[in-house]
1. Please work out which residue is farthest from the chain's Cα centre (by Cα), limiting yourself to the range 121-137 and to residues that are crowded, with 20+ Cβ neighbours inside 10 Å and part of a helix (DSSP H, G or I).
2. So how many residues does the range 29-67 have that are surrounded by 12 or more Cβ atoms within 10 Å (Cβ to Cβ) and of a type outside the set (A, V, I, L, M)?
3. If ILE212 satisfies every condition in (1) modelled with pLDDT under 90; (2) in the same structural domain as THR66 (by TED's automatic domain parsing); (3) aliphatic (A, V, I, L, M) but one, which is the exception?
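The values are calculated or read from the model by the stated rules, or taken from the named source; none is laboratory data. Just so it is clear, the structure is predicted and the values come from calculations on it, not from any experiment. Cβ: placed from backbone, ideal geometry, glycine included. Neighbour counts: every protein chain shown.
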Amino acid sequence: MFAAYLKLLMPFVVVLPGICAAVIFPSLERSDQAYPMMMSLLPNGLLGLTFAALIAAIISSLASMTNSISTIFTIDVYRNLSSKEVSEASLVKIGRNVAWISVLIAVICAKPLLGSMESAFQYIQNFTGFFTPGILVIFLVALFWNRATTLSVLIAAITSLVLSFLIFLFAPDLPFIHRMAIVFLFSGLMCFITVQFQRAKIHNNAIFLNDINFVTSKSFNVNTIVIVGLLVIFYFLLW
């Protein structure tokens, strides 16, 4: 719950520097200059600390992403598709190669985008929205539907990517949040239809939620209500 309370500060952490920059530098030509200009106001010691924290956050995110990419490729793709037994040493070597290749691809893809977009954050949210609806469908059916099959969730993932791309091409003015909602509904529908065509039965290794006790303590319930209430108030005031 403590982490949830800390998460409430994120809108202020993200929004306030931009608001301060708009007040202090009203003649700022480009919005992406807000953070560099605000950084110029920091004293030397605090500036170094802020820069170190920024670099640490970037390196941490990069390390986790490259580790995820190499692990998924080596364990879920390469080892499963390989016709012979693969040693651990070979998997480590392949994982390292996949990691630096993925970083190289990211650099190549990012190069044309530098300085050509109004908001890097919105760009990231826009294109991660190609995948997140399908991922959410997979996550939900894996937890709450014991008839879901491998093919059905694969169809949901493919639907998410293809439909997102088509909407992006033919309805570019549609807000990406609305696009993600539409794609989520269609991906879920395709998952359901696929299961019906397969006439899938209940899996023996499925998670049965009836056997799990979801009862929470009174303090947890009270804090949950407080956090949700504060979120509603914050977003109502800052909308």
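1. Applying the filter and picking the extreme gives VAL137.
2. Matching residues across the range 29-67 total 8.
3. (2)
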